[in-house]
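The values are calculated or read from the model by the stated rules, or taken from the named source; none is laboratory data. Since we're looking at a predicted model, the values are computed, not measured. Here the Cβ positions follow ideal geometry from the backbone for every residue, glycine too, while neighbour counts run over all protein chains shown. Calculation scope for accessible area: heavy atoms of the full protein, side chains included, ligands and nucleic acids excluded. Shrake-Rupley method; radii C 1.70, N 1.55, O 1.52, S 1.80 Å.
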Amino acid sequence: MQNLNPLTLLISLSLLVLFPTHSQANSLQRLPYNNPGLTVDLGVGLWAFPIPIDFDNDGDLDLVISCPDKPYNGTYFFENPGTPADKHQTPTNKMPVFKPGQRISKGLRNIHLSTVKGVPHILGPAKLYHNFKVAGLDQSIGLPLNPRFHKGKIRGNHWSLVDYDNDGLTDLIIGIGDWTEYGWDDAFNKKGRWTRGPLRGYVYLAKNIGTKRAAKYAKPVKLKAGGTIIDVYGRPCPNFADFDGDGDLDLLCGEFKDTFTYFQNIGTRSKPKYAPGQKLTHNNKTIKMDLEMIVPVAIDWDKDGDIDLIVGDEDGRVAFVEHLGKFDKGIPRFAPPRYFQQQAADIKFGALATPVGFDWDGDGDDDILTGNTAGHIAFIENLGPSVQGAPKWAAPKLLSANNKTIRIMAGYNGSIQGPCEAKWGYTTLNVADWDHDGLPDIIINSIWGKILWYKNTGTRTTPKLAAAQPITVIWEGETPKPAWNWWNPKRGNLVTQWRTTPVITDWNKDGLNDLIILDHEGYLALFTRTKIKGKLALYSGVRIFIDEKGKPLRLNSGRAGRSGRRKLCAVDWDRDGRTDFFINSVNANWLRNVGRKNGKTILKDMGPVDKRRLAGHTSSPATIDLDGDGKPELLVGAEDGYFYYQRPQPSNKPNSQPKNK
C-alpha cells in the first residue's frame, strides 16, 4: 500500500467526515461550514493553552494549542500560511488567517511555553515535553521536583523554565492557582455578598542548585513584589521577559478572570526586585479578555523587538495582545486583544453551545440560533445547498436586542458558584411565537435562572428584537425560586433552575404555545398557556411527566451548583403522533413518549443516541431539518462549542409500540 503523507491523510479524513460511509451515516458527525473562502475565529474546544512556535520550520510562527476538553481533546497545529519575513525585516501581517487545525497528539491542561536563549520549551506540571515537534504531548520526561509541594486546592499549575538570576542555570517558575479559601459553590449571604475568601494566585521560584547537565531544584519559594507575596486572582500563568527593554526580566501574570498584572523589575538582571503589580491598560481602561480562564504566553509575535502576548481564552479562541513599543512611567503599553482568524472548517460558537434549528430569516430553510458560555446568542445563517448538496453556512452573527448586543453575564453575584464566574452567562434558548403575533421570538434561560423573552418587532424575513422582558406566571401563593438563591424574584416572574432549556410547544393542542421546563425543584413541568379577558397568561407548572414506574420525572435533584444544567428539546422523533424529548447526556438521550396514564405522560429513557461522548459538563440537543425533506435531524451542541448531527433512521419507530393508555 502506498504511504500517505500527513497532509494527504488529513484531506482524506476530512472528505470522509463530509461524506460519511453508510456505516457512519447514523453516527454523530461534526457539522462543517461547507463555505470555501470563509474566515472565522480560530479556535479549539473548551480551554485553550497556546504554544506559539515555528512548528513546521518555515520561518514564521504558527499556533499550536493544547485543548484538554471532551470531545475535542487534542493538541492542534494551526499553520501560519504567510510568507516568512526576512530576519532584518518586520513582518507585514500580524494577523494571518491560519489554516484549519490538525491534531498532532493528545491534549492536556496547564501546558505552558517558555523560551530560554531562543529555544522553546513546553512544560506541564513536573514534566518537560522534550520531543514536541515529533510527538506533541505524547512523550515527556520528569523534572526533579515533587509537583505536590504546594498544599491546598489547586486549579491552575503552570511550570516554565527561566534563568531567574542570570547565573547560567535554568530555574523553575511555577504559577499556582489556589482555591482553598474560595471553596466552591453556594456561599452568598442574604445581601448577595460572598462569605468565603478570594482565589489566590502565587508565583513560586525553584532555584536550580545543580548543574547545567544535572538540574537539581531547591524547595520552591513564593516570590514577592512591593515587599509582599505576589497574589493575583487565581491562575497566574507567570511570564518572565524584558517587557520594558532595560535588560532585566520583568514579570507578567494573567488570572482566572480576564486581566493582566505587570510587575516591573526595579532591581537588576542578577538581583531581581519587583515593584507592586499594575494592571495593563489601554487609553486609561483596563485591558480585558472577552472571557475567563485566560492563558497568556509572552513572545515577540510580530518580530518588532518587543514582547507581545498570545492569550488563550476559555472558549478555545486565541488572541494577540500587541506590545505597542510605548511606555508610561516604565509600564509597557499594550493594545486590546485581537482574536486570530482561521479558514473555516467546522461550525463552532464558543463553548457549551446550545443550538436551536429554526428558519430565523424566513427564507425557507432551517438556520441555527445558539447560546454559549459567554452569554451571547448567535444567528448562523443557512445559505442554501453547497456544490456538494449539503447546507452552506455563514459565520456566527451576534444578535442584538434594543440595538445592543445580547450578552447575559453573572457579574459579581449572579452565579451560585461565586464571583469568579462573573463573565459567564450560559445562555440556552428556544425560538417560538410567544406572543402569537405571527413573528418568532426568542425565549432564554441563563446562569441566572431567569426566564426571559425577546419580542420580535421586525418582520418575518428581517427580525428585530426588543429588550428582554420577564416571562410571568399566575402563581398560587408566593413566587417560587430555587431554595439556594440568595435573591428573590419579582412577584409573578418565572425563575427556575439555572442553565436549563425552556421548551416552547403547543402541548395541549389548543392553539397557544405552552412552556415546558424544569421547575424550581428540578421536576419537568408543564406551564399551560391561556387567555384571560383576551390577554395571554401562563398558569403555574404542573408535574405531568412521569417515568415508567409512575414517579414524577425529576431531571435534577442536586442543589446549588449541581442543580439545573439540563438541556432539552421536544420533537416527535419516531413519528408516532406523540411528542418526545431529547435531553443532554454523554451526547443526547431520547425520552420516548410511550403514552398516558391517569392524565400523566409516560417518558421512557431510551438511552444515548450514540457511543460518542460529547460532554464533560453538558451537551445540548436540538433538531433541525438539514436537507429540507421534512424529517428533522438531531443536532447536538457539544462542550467544545461545535455542532454534531445525526440523521434519522428510515423510520425511528421501535419494532413494537406500547399501548397508549
Mind checking the per residue accessible area of the chain for me, 1.4 Å probe, whole number of Å²?
-> 43
In deg cm²/dmol, rounded to 500, what helix-only [θ] at 222 nm does the chain give when every DSSP H run of at least 4 residues adds -39500 (n - 2.57) and the total is split over its residues?
-> -500 deg cm²/dmol
Can you list the trypsin sites (Lys or Arg not before Pro) in segment 459-518 that are in a DSSP coil and have 14 or fewer other beta carbons within 10 angstrom?
-> ARG460, LYS490, ARG491, LYS509
Determine Rg/Rh for the chain; Rg is computed over alpha-carbon atoms and Rh is the Kirkwood hydrodynamic estimate from the same atoms.
-> 1.00
For segment 464-567, run through the GluC sites (Glu not before Pro) and keep only the ones in DSSP coil with at most 16 other Cβ atoms within 10 Å of their Cβ.
-> GLU476, GLU478, GLU548
Would you compute, for the Cα atoms of segment 225-328, the largest minus smallest coordinate along each principal axis and list the three values in descending order, in whole Å?
-> 39, 33, 25
Could you state the number of Å between the C-alpha centres of segment 546-611 and segment 183-218?
-> 42
Debye-sum result for segment 519-624 in log10 I(q)/I(0), which assumes one identical scatterer on each alpha carbon, at q = 0.15, 0.20, 0.21, 0.22 Å⁻¹ | -0.71, -1.15, -1.23, -1.29
Ranked from the most accessible area to the least, with a 1.4 Å probe and all protein chains present, what is the order of TYR523, TYR454?
-> TYR523, TYR454
The pairs in LYS133/LYS288; LYS481/LYS567; LYS133/LYS303; LYS127/LYS151; LYS288/LYS455 lying past 24 Å Cα-Cα in this model are LYS133/LYS288; LYS288/LYS455
Surface share of carbon and sulfur [accessible, 1.4 angstrom probe, percent] for segment 403-496 | 51
Share of alpha-carbon pairs per 5 Å distance bin for segment 279-404, given as whole % = 2, 9, 15, 17, 15, 12, 10, 9, 6, 3, 1, 0, 0
What angle, in degrees between 0 and 90 and rounded to the nearest 10, separates the Cα long axis of helix 6-18 from the longest principal axis of the Cα atoms of the chain?
-> 10
For segment 283-323, state the average projected area of the convex hull of the C-alpha atoms over all orientations, rounded to one decimal in nm².
-> 3.2
Extended-chain gain in nm, criterion 0.36 nm per residue less alpha-carbon gap, ARG554 and ILE209 | 118.3 nm
Segment 473-556 - convex hull of the alpha-carbon atoms, volume per residue in Å³ | 112
Quick P(r) readout (segment 303-356; Cα-Cα; 5 Å bins; whole %) gives 4, 15, 20, 19, 13, 10, 8, 5, 3, 1, 0
